[in-house]
1. Could you please state, rounded to a whole Å, how far the C-alpha centre of the stretch A:111-186 is from the C-alpha centre of the stretch B:109-173?
2. If you find the alpha carbon centre of the stretch A:1-61 and of the stretch A:206-272, how far apart are they in angstrom?
3. When only C-alpha pairs under 8 Å and at least 6 residues apart count, what is the relative contact order of the stretch B:214-270, in percent?
4. Along each of its three principal axes, how wide is the spread of alpha-carbon positions in the stretch A:103-259, in whole angstrom units, largest first?
5. Can you give the FRET efficiency to the nearest 0.05 for B:Arg172 and B:Ser57, using r as the Cβ-Cβ distance and R₀ = 25 Å?
6. Rg to Rh for the stretch B:1-119: what is it, with Cα atoms only and Rh by Kirkwood?
7. Write out the chymotrypsin sites (Phe, Trp or Tyr not before Pro) in the stretch B:89-129 meeting two conditions: DSSP loop, and at most 16 other Cβ atoms within 10 Å of their Cβ.
8. When only C-alpha pairs under 8 Å and at least 6 residues apart count, what is the relative contact order of the stretch A:192-248, in percent?
Amino acid sequence: MRWGLEDVRVRRGRTLALDGLTMPADPSLVTVVVGGDGAGKSTCLDVLVGLVEPDAGTVRRPAKERIGYVPATAGLYTDLTVQENLDFTAEAYGLSGSEYHRKAAQIAERVGLAGARHRLGSQLSGGMQRKLAVGLALLHSPDLLVLDEPTTGVDPVSRAELWRLISAAAAEGTAVAVATTYVNEAARAAYVVLLEAGKALASGSPDDILDAVPGAVGAIQGAERPTPRSWRRGAGWRVWAPTGMLPDGVRPVDPDFDDAVVIAALARQRER
Amino acid sequence: MEVLTEARNASRRFGAFTAVSGVDLLVKRGEVVGLLGANGAGKTTLIRLLLGLLQPSDGLVRLFGSPPSLEGRRRVGYVPQTLGLYAGLTVAENWAFTAAAFRNVSTPIPERIAAWKHELAGSLPLGTQRQVAFALALSHEPELLVLDEPTSGVGPLGRARLWEDIRYTADRGSGLLVTTHNMEEAEQCDRLVVMADGKVVTSGTAAEIIGGRKVTEVRCKDWSRAFRLLDANGFSVQGHGPALRVAASAADVGGLISREGLDATIEVVAANLEEAFVAMVSTPAAA
């Protein structure tokens, strides 16, 4: 593990915001942290970038000026133009001259704002603002890019563009850590951490997580709950049998990521 | 099944701008219909038309078989993404307020939210807040429910519980219209309606919308180089675990990969709903 968290604990009052969390963030790879609100995603990223000191555990990160970080609710100045945002960010990182102009032009092009450099941040759509914020965080070619829910509330077209930007950063050698509440975005990662109540319910590559689903998963139609460990999928149900023995009439299916997440949470509940 | 709300060839113009253009949409009893679209596609305008908060410039809109009216709106429930709870009131006070607004003051607080009745709504975890907001929207037994990203941001078990509530409501005969950007939610719906630029570009089940659409999957040891190559050559490429997925033919992708001498396996695979959606709304003419 080049960068990342190892067995990190963060205490918030009487509760543990992070409880023994390990999360690698390695060069050229995208790590995705998936979880609901309050799962600890932001705390995890705050520890990674150095905004929060852990109570226990190890954090590896590059020097502060080699990190690009976009928090969930900001990342650009809405009362500055696109160009002013680029200039301001460049100045903050001590970039100047032809190197800066080349990079700024490249990023404006990349985020689709080359023709809108004099537009105010506030005049951009939500998706555009998020793309510009990620672009600004990439201006100084960081070693580690950390993005807190860059795609929340963003429509699928802008989301695909954002992910292309994120993957492109990884393809250039940057280590990328992304938090999301959208479970299906986990499939885009090289490494996934399913976070719930400060703990990893499961972690590994998307394939590893699917392969590690215990027992058997099945599908059945009907309005009545078939077993206690069942949840709705469309008009029917999904059924999880920890022992691998599905009840009669339940058709076995290959679990997908949605199933894996629910099963990990049910398995955790069972341990308690 | 009885039609609860309907738009037939409905349009709405604001000056020279057409927000909704010739749209057809139906929600029947017992079904969960998903309304998808990029921002600015016209989803909100369409819902305002269905509820009678806006008049159509052209076409027909019906709510419970009549032109939308206050009378019809009393039979509708709505949960916005921001939930509309009073954070500084307890769950019981939120319930009493909603009940009073719908003149149902005698209705007791439902059991599934009673456990939190003395808690301030704002102090509850988001999944619980969503459950409370959903229960409030059901307090007057609406026949049509409109939900905006009902399960986004909620953990796995909370989400499972919410979908159970939603399905239970549909099974009892209400109709639900879910607007969402969240593909997991879209896949939970019985039927989807996809809008772009004010028009319906496609509708049907998730499987019907994906249809025969394919993407090309590339697996290459040198992931970064393959991505940079495809990206630099203008392909719409997306990272997908250890693989790359490209919305282009295997011949085009394979040609480029082999010209560059990259060692990669190339496979044509079925598109997922998000890929189908993006392809459709990015090039509406091809849909």
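Each value in this text was obtained by applying a stated rule to the coordinates, not by laboratory testing. Bear in mind that the values here come from a model prediction, so they are computed numbers and not experimental data. All Cβ positions, even for glycine, are placed from backbone atoms using ideal geometry, and neighbour counts span all protein chains on display.
1. 32 Å
2. 29 Å
3. RCO, the stretch B:214-270: 51 percent.
4. On the principal axes, the stretch A:103-259 reaches 64, 31, 25 Å in Cα extent.
5. After rounding, the FRET efficiency stands at 0.10.
6. With Rg and the Kirkwood Rh in hand, the quotient comes to 1.05.
7. Taking the stretch B:89-129 and a limit of 16 other Cβ atoms within 10 Å, the loop chymotrypsin sites (Phe, Trp or Tyr not before Pro) found are B:Phe102.
8. Reported relative contact order: 28 percent.
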